[in-house]
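Working notes for the structure below.
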Amino acid sequence: MTDPDALAAWLPPEGMTGRMERFEPWPGGGFRMVLTYLDPRSGRGKTSESSDVTEAAFAELVPEERIVQRVAFESPDPAFAGTMTMTWRLAEAPEGTLVTVEATDVPPGIDHAVHEEALASSLANLAAHVER
């Protein structure tokens, strides 16, 4: 979660790719990621028709326990304005590490069901990434 190449590989949900433009893995640092839809004609992007650009700040980095990010989308649409908080929790489990994520203050333009599906996809990508 603090390796830019790994994060760009697993964080984008199914149907998207990620490219890291900036990465500062310390409290107060953050990252800028461009998420691009594999189908550019989908027209679902928040920043452009085919992309979402996010600015994330690390509010907390507690090794092996918790990562708290403040995430904002670059968008001309006020429905996507605001900063959501994403809290990633890590806990020991018999089979390895259990990772959960909670998103709060999600901008109103982000459909709840679609967001939950995207987060589940990211978690599945993370599991596949670390199990290789």
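Since every read-out is calculated from the coordinates, none of them should be taken as a lab result. It should be emphasised that the depicted structure is a prediction, and the values quoted were computed from it without experimental measurement. We place every Cβ from the backbone using ideal geometry, glycine too, and count neighbours over all the protein chains shown.
Computed quantities for the displayed model
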{"read-out": "Residues (under 21 Å from Arg89 (Cβ atoms), under 13 Å from the mean Cα position of the chain (by Cα) and in a loop (DSSP other than H, G, I, E, B)) located in the stretch 1-24", "value": "Met1, Thr2, Leu11, Pro12, Pro13"}
{"read-out": "Qualifying positions in the stretch 25-46 - assigned to a loop (DSSP other than H, G, I, E, B), in contact (Cβ under 8 Å) with a residue 12 or more places away in the chain and not acidic (Asp, Glu)", "value": "Pro25, Trp26, Pro27, Gly28, Gly29, Leu38, Lys46"}
{"read-out": "Pair list, Cβ < 7 Å and 6+ apart or interchain, from the stretch 86-111 residues that are closer than 21 Å to Val130 by Cβ and touching a residue at least 24 places away in the same chain (Cβ under 8 Å) to residues that are loosely packed, with under 11 Cβ neighbours inside 10 Å and among the charged types (D, E, K, R)", "value": "Leu90/Glu64"}
{"read-out": "Top-ranked residue of the stretch 53-91 - restricted to ones that are more than 11 Å from the chain's Cα centre (by Cα) and among the acidic types (Asp, Glu), ranked as nearest to Leu38 (Cα to Cα)", "value": "Glu74"}
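This table checks each residue for (1) of a type in the set (Ser, Thr, Tyr); (2) in contact with a strand residue (DSSP E or B) (Cβ under 9 Å, 6 or more places away or on another chain).
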position	(1), (2)
Ala59	no, yes
Arg66	no, yes
Glu74	no, yes
Pro78	no, no
Thr83	yes, yes
Met86	no, yes
Ala91	no, yes
